[in-house]
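Notes to accompany the following structure.
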Amino acid sequence: MASTRDTRMVMIVDSEPAQQRFLSALVSRGGWRSMIAADTDTALAKLGTQEGMALDAVLVDQGAPGMDIAQFVIELRRWRPALPLVVITMRNGVEVAVAAMRAGASDFVQKPIAPDRLLEALDRVMADSGPQGELRPLTEKLRAPLAFEEIIGSSPNFRSALAIAAKAARARVPVMINGKPGTGKEVFARAIHGASPRARGQLVMVDCSAVSPGLIGSGLFGHERGAFPGAFDRQVGRLVQADGGSIIIDHVECIPLETQAKLVEFLNTGEVQMIGGSIRQTVDVRIIATSASPLDKLIEAGHFREDLFYALSSAQFTLPSLSERRGDVGPLARHLLARIGGLPGMGPIGITDDALRLLAAYAWPGNVRQLQDVLFRAAVASTTDVLTAADFRAIEATLGGGNASDGEVAINGEAIGVTLYLPDGNLRPLEEIEADVIRLAIGHYRGRMSEVARRLGIGRSTLYRKLSDLGIDTAA
C-alpha cells in the first residue's frame, strides 16, 4: 500500500522517551510524520482513532511494554491485515525476529540502528512496485562468519576467485574484491581475515555507502575536537581501531577524492594523521577493500585515483554473479538452509528437488544475498520442515509458471551441481570435473578430510595424493 498523502505516518511503539525522540527525528528525515505509543496495548487502542486510521506503517521495539512482540503482531494483523510492520530487535535478537516474522511482521532491523537502514526498511514495506512475497528483500543481513572451506561453489570462475582469496589471506598485502551487490564480497573479506595471521586481531568494517561523503575521512582517520563544524569531541579513526588486525572498506568507490589521497599516503607510509591534528601515528593494519562498481570506468571518469587502485590491488579478484554459476544454486540453497535452520527459533529445514529446480531457473538479480533472503522468508512462512515449489509462488509467477532449469544445472538427491560442459559445448576434462567434485566435498563436509575420503569411497592417502596431483589447496 502507498499513501496518497504528501507525508506518510508511522506509529512508533517504544516506552523510552529518548528513543522515541531519536526515532521520530530519524523517520522525519525520510518524510514521515510519527505518532507515539508507549506500550503495545496503547498501540492497538490507537488503531481505531482518526489518526490511527491514517497510519501507513508501525515501528515496534522488542522491549516495548505489554504483550509479547509476536502476539502483538498477531493482534495487529487481526485488526489491520495490510498495515506494514517493522520490528526493532537487539543485535542478538534473531529469535525475536523469527517469531515476529512468523506472526506476520514485514521486516526487522537490529540495534544499533543505522538511520539509512531503518528508512530503507520503511520504504521497502511501503512499496507497491518491486518484489513481493518471498522475493521481498530483508533489510538485515543474516551475518555468520564462514571459513573458506564452508564457502560453497564449484564453477571455475568462482573457484578461481576463492583460490586467489585463500592465497591472499596468508599474505600481508591489501586485497581488492570486486563484484555486484549480493555476490558475497563481505563473506569473502571476513574469511580472508579469519584465515590470516591477523585472525586474533580486530576486524573493523566501514561501509562508505552508508556515510555522508564528507564524514568518510573523519571516520577512517579520526579527528581532533574543533577540526570542522560539528566536531565537538575528539574521535579515534577506524584505521587506528583496527591496529594489529584488518579493516574492511566496503564500497571503496564512494570515497571522495580528497580522502582517497590521504588513503594513498597511509598505504605508502603506514602512518595516520587525524583531521585537524599534527601528530602522526604508525598503524599496522591490513586493508580489504570491496567495490560494487567497475573501478576502471571510475578512473577514466576521474572519480577514482589510479594510484589508490593499484595500491589496493596487490591481490584482487571478481566474484561472479549467481546467474553466471547456476550449477551452484542447489548446493548453496542446501547450505544456506542448514545455516538458517541453526538460527535461534528455527529448526532443521529440507528442500525438495522440484523446489531446487525452480530456484535454479530464476535469474537472481540480487545474487547470493537475495537467495538467502528468499530462503529465510520461505522457511519462516512454511508450516512444515521441508520447502517445496509451493513455498516459492512469487518465483514461479516470475518464471511464468515454469520450473525447468537450463541444462547447466545438475540436480540429484544431494542437490549438488557440477559444471560438465565448456562454453563451446564440449565436455570439460575429467581431471577438472574430479577436482570440482573433491572441492565440493571438502566444502560440504566442512574440511573433515576423513569424512570426505569416506564419502568419496577412497582412502585418506589417496585423497591427499589427488589433492597434490590436482593442485588443490584444502583452504580453497
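Across the range 9-62, what is the number of residues that are among the polar types (S, T, N, Q) and either in contact with a helix residue (DSSP H, G or I) (Cβ under 6 Å, 6 or more places away or on another chain) or more than 15 Å from P115 (Cα to Cα) (or both)? Don't jump to the end; show me each part of the working.
Our first condition is that a residue be among the polar types (S, T, N, Q); within the range 9-62, this holds for 15, 19-20, 24, 28, 34, 40, 42, 49-50, 62.
Among the residues that remain, those that are also either in contact with a helix residue (DSSP H, G or I) (Cβ under 6 Å, 6 or more places away or on another chain) or more than 15 Å from P115 (Cα to Cα) (or both) are: 15, 34, 40, 42, 49-50, 62.
Total meeting the criteria: 7.
Go through the range 235-248 and give me each residue that's crowded, with 21+ Cβ neighbours inside 10 Å and part of a strand (DSSP E or B).
S246, I247, I248
Restricting to the range 430-476, name every residue that is modelled with pLDDT under 85 and among the small types (G, A, S).
Hits for the range 430-476 are A435, A441, G443, G447, S468, G471, A475, A476.
Can you name the residue in the range 215-234 that is of a type outside the set (A, V, I, L, M, F, W, C) and part of a loop (DSSP other than H, G, I, E, B) and, of all such residues, is surrounded by the most Cβ atoms within 10 Å (Cβ to Cβ)? Reasoning before the result, please.
So the first thing to find is which residues in the range 215-234 are of a type outside the set (A, V, I, L, M, F, W, C), and the list is 217-219, 222-226, 229-230, 233-234.
Now drop any that are not part of a loop (DSSP other than H, G, I, E, B), which leaves 224-226, 229-230, 233-234.
Details: E224: 16, R225: 10, G226: 12, P229: 6, G230: 10, D233: 8, R234: 14.
Within the range 215-234, the match that is surrounded by the most Cβ atoms within 10 Å (Cβ to Cβ) is E224.
Restricting to the range 319-330, and then to whatever is surrounded by fewer than 22 Cβ atoms within 10 Å (Cβ to Cβ) and more than 17 Å from the chain's Cα centre (by Cα), can you tell me which residue is farthest from T383 (Cα to Cα)? Even if it seems obvious, please write down each step before you answer.
Taking the range 319-330 first, the residues surrounded by fewer than 22 Cβ atoms within 10 Å (Cβ to Cβ) are 320-321, 323-324.
Those left that are additionally more than 17 Å from the chain's Cα centre (by Cα): 323-324.
Numbers: S323: 30, E324: 33 Å.
Filtering the range 319-330 for residues that are surrounded by fewer than 22 Cβ atoms within 10 Å (Cβ to Cβ) and more than 17 Å from the chain's Cα centre (by Cα), the one farthest from T383 (Cα to Cα) comes out as E324.
Examine the range 154-167 for a residue that is part of a strand (DSSP E or B), surrounded by 20 or more Cβ atoms within 10 Å (Cβ to Cβ) and modelled with pLDDT of 85 or more, and state whether such a residue exists. Steps first, answer last, please.
Start the filter on the range 154-167 by keeping residues that are part of a strand (DSSP E or B), which leaves none.
Within the range 154-167 (the criterion being part of a strand (DSSP E or B), surrounded by 20 or more Cβ atoms within 10 Å (Cβ to Cβ) and modelled with pLDDT of 85 or more), the answer is no, since none of the residues qualifies.
Only one of these is out of contact with any His (no Cβ under 9 Å at 6 or more places or on another chain), on the phi < 0 side of the Ramachandran plot, at pLDDT 95 or above and of a type outside the set (D, E): I287, I248. Name it. Talk me through it step by step, then tell me what you get.
On the way: I248 fails: out of contact with any His (no Cβ under 9 Å at 6 or more places or on another chain).
Within the list I287, I248, the selection yields I287.
Considering only the range 312-325, I want to know if a residue exists there that is of a type in the set (A, V, I, L, M, F, W, C) and touching a Phe, Trp or Tyr at 6+ places or on another chain (Cβ under 8 Å). Can you show your working first?
Applying the first criterion (of a type in the set (A, V, I, L, M, F, W, C)) to the range 312-325 yields 312, 315, 317, 319, 322.
Those left that are additionally touching a Phe, Trp or Tyr at 6+ places or on another chain (Cβ under 8 Å): 319, 322.
Checked the range 312-325: at least one residue is of a type in the set (A, V, I, L, M, F, W, C) and touching a Phe, Trp or Tyr at 6+ places or on another chain (Cβ under 8 Å).
Provide a single number: the residues in the range 304-318 that are crowded, with 16+ Cβ neighbours inside 10 Å and closer than 18 Å to L257 by Cα.
Pass one, the range 304-318, residues crowded, with 16+ Cβ neighbours inside 10 Å: 304-305, 308-309, 311-313, 315-318.
Filter once more, keeping what is closer than 18 Å to L257 by Cα: 304-305, 308-309, 311-313.
Matching residues across the range 304-318 total 7.
Would you be able to say whether some residue in the range 27-50 is small (G, A, S), farther than 13 Å from M11 by Cβ and surrounded by 15 or more Cβ atoms within 10 Å (Cβ to Cβ)?
In the first step, residues of the range 27-50 are kept if they are small (G, A, S); the result is 28, 30-31, 34, 37-38, 43, 45, 48.
With farther than 13 Å from M11 by Cβ added as a condition, the list becomes 28, 30-31.
From what is left, the residues that are surrounded by 15 or more Cβ atoms within 10 Å (Cβ to Cβ) are 30.
Looking through the range 27-50, at least one residue is small (G, A, S), farther than 13 Å from M11 by Cβ and surrounded by 15 or more Cβ atoms within 10 Å (Cβ to Cβ).
Please tell me if D373 is touching a Pro at 6+ places or on another chain (Cβ under 6 Å) and either in contact (Cβ under 8 Å) with a residue 24 or more places away in the chain or among the aromatic types (F, W, Y) (or both). Give the steps one after another, and end with the answer.
On the way: touching a Pro at 6+ places or on another chain (Cβ under 6 Å): yes; either in contact (Cβ under 8 Å) with a residue 24 or more places away in the chain or among the aromatic types (F, W, Y) (or both): yes.
Yes.
The values are calculated or read from the model by the stated rules, or taken from the named source; none is laboratory data. The shown structure was predicted, so the numbers you read here are calculated from the model rather than taken from an experiment. Using ideal geometry, Cβ is built from the backbone for each residue, glycine included, and neighbour counts are taken over all protein chains shown.
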